[in-house]
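Input: a single structure, listed below in structure tokens.
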Amino acid sequence: MSNVWVKKVLKAGICYIMVLSIFFSIPVKSLAYDDAVKLSEDTYNTLLKGTTKYNGVDYGAKYGYNPLYYFLNYNDLRIAYGADPAKLVEHYAIYGIKEKRVANAPITRGAQAWSSSNEYIVPSNQLTKEKKDGMVVIPDQIHNNGGMNRRQETEARSIARQLATNIYNQVMTVNSNSKKSSSKKNSTSTQPQIPEIEMVAYATGIVQAYCNAGRELTQDEVKKSGSKVYRTAYGVFCAHEFTSAGATRALGLILDYLNDTIQQKNPGAAPIKWVHVNANTWNQQYCQIACNNHEAYADAIYGIAGYGKHPLEGGVDQDIQKYVSYATLTSIMNTRPAYGDNGQAVTTDPTYNANPMSGQSNDY
């Protein structure tokens, strides 16, 4: 009888141990940002410019250590040390290197199927009127072109590329004199200071001007349409039929080329990365953006852009920036002469805003 009782106890013990082992073997996902940690703009800058040296060794120069990345990548460090650059680099020097912790780049957590391997963890609402604390994760999204064929995409990209170049030159020229005095104050910054939010707002106004030259389809009209051009950049730039999906993709295409131009001309500048919000739905669609290392938004249908959250998501009207006055129909025609078959810009400006496909199928 005692032997039977011992066997039962052993079996129960083994089962208990197995359950515990399974429980503790389940990977625990850490959030990219712990809401319990209040991160102010001062904290962000403190970390961005925080010390990378410990006991006379510069771990930034030696290993690419970045105190901001180290803080954001590890929840246990945020809880233990907070935003203390000295404590963070001490931990990295003593324990982090041995534990193979990543401190030279942000770690991707929970990337979606449509995202690439990069995520941008940036302050949210820090450059707005209310200056709220908090961070937001913006994935480096791989965007759908909406269904453009090869010829349509080539033509849409040609227009978007030329618009981006014009926007960059226009904004940088306007800001060149005003930024000279402030450049000395920002000389300690490791990144070039580019007025990216102005470029984003300018691009938003231009896309809205294209939309004003065309026609926004209703849901019923979309259902009856035999074409999908309305949801593409081509629909906005060329076919003059669009929905908020097409307007968002057209704006995003310009933002992609703006980012390329900024990175080429200003190595090390903060990237412009955007996410297509509410894609494939009938909700209002717009771009959520990592801009100047802060969260921003741009909505081509409303013609608004700004730092922080979209007004539909709780943003405040005082933060809205509009550049529609720069984006008249005359200016958009003059800023993007179409490329010819030989890849060179033509000398005359075709009248794209006079719809050549009126009464015809726009998917040719």
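The values are calculated or read from the model by the stated rules, or taken from the named source; none is laboratory data. Predicted model, so just to flag it, every value in this text is computed and none were measured. Calculation scope for accessible area: heavy atoms of the full protein, side chains included, ligands and nucleic acids excluded. Shrake-Rupley method; radii C 1.70, N 1.55, O 1.52, S 1.80 Å.
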**OP:** Run the 1.4 Å probe and let me know the accessible area of residue 101, rounded to the nearest 10 Å².
**Re:** 50 Å²
Original post:
Can you pick out the pairs among 87/132; 132/273; 87/309; 131/273 whose Cα atoms lie more than 24 Å from each other?
Top reply: 87/132; 87/309
**OP:** Hey, can you grab everything whose amide H is under 5 Å from the amide H of residue 54? Only 5+ residues off in sequence or another chain; H modelled, so Pro and N-termini drop out.
**Re:** 59
**OP:** With a 1.4 Å probe and every protein chain left in place, tell me how much accessible area residue 220 has, in Å² to the nearest 10.
**Re:** 100 Å²
Original post:
To the nearest 10 square angstrom, what accessible area does residue 313 show with a 1.4 Å probe?
Top reply: 110 Å²
Original post:
How would 282, 274 line up by accessible area, probe 1.4 Å, largest first?
Top reply: 282, 274
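Expected output is a single nm value to one decimal: the length gained when fully extending between residue 223 and residue 265, i.e. 0.36 nm times separation in residues minus the C-alpha distance. What is it?
10.7 nm
Using the scaling law 2.2 N^0.38 Å as the reference, what is the normalised Cα Rg of segment 232-316?
Taking the Cα Rg and dividing by 2.2 N^0.38 Å, one obtains 1.11.
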**OP:** Whenever you get a sec, line up 316, 222 from highest to lowest accessible area (probe 1.4 Å, protein heavy atoms).
**Re:** 316, 222
